[in-house]
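For reference, the structure discussed in these notes is given below.
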Amino acid sequence: QFSFDRYEGSTDILYTWNDMNEPSVFNGPEVSMSKESLSLNGIEHREWHNLYGFYQHMATAEGQVRRTSAERDAAHSSLGRSFVLSRAFYAGSQRHGAIWTG
């Protein structure tokens, strides 16, 4: 979807900043989902809250690599790896990019 030929003027230099990439509800003092919220499987929200951001961070980095890899041989791309800056993170997030704590 984000290939070079679909975006006129696009280059192999692409940086992504994932901000506010965690579940949020701005209707109270916690500025996030209630700690008592449960998933459909009965798992507390706090157990998986940061995993949402982790998977978005991972998918963004993987998308950049795939986009560039697909065009690298033909376009001689100079981009060796992705750059993703994310605000939400979980253990292992550093493998996919930089982390910003807001």
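The values are calculated or read from the model by the stated rules, or taken from the named source; none is laboratory data. Note that the structure is a prediction, hence the values are computed from the model and not measured. In this analysis, Cβ positions are derived from the backbone assuming ideal geometry, glycine residues included, and neighbour counts consider all displayed protein chains.
When ASN41, ASN27 are screened for being assigned to a loop (DSSP other than H, G, I, E, B) and modelled with pLDDT of 80 or more, only ASN41 passes. Scanning the range 37-68 for residues that are surrounded by 13 or more Cβ atoms within 10 Å (Cβ to Cβ), of a type in the set (Ser, Thr, Tyr) and free of Cβ contacts under 8 Å to residues at least 24 places away in the same chain yields SER37, TYR55. For the range 7-24, the candidate set comprises residues that are modelled with pLDDT of 80 or more and of a type outside the set (A, V, I, L, M, F, W, C); within that set, the residue that is farthest from the chain's Cα centre (by Cα) is TYR15.
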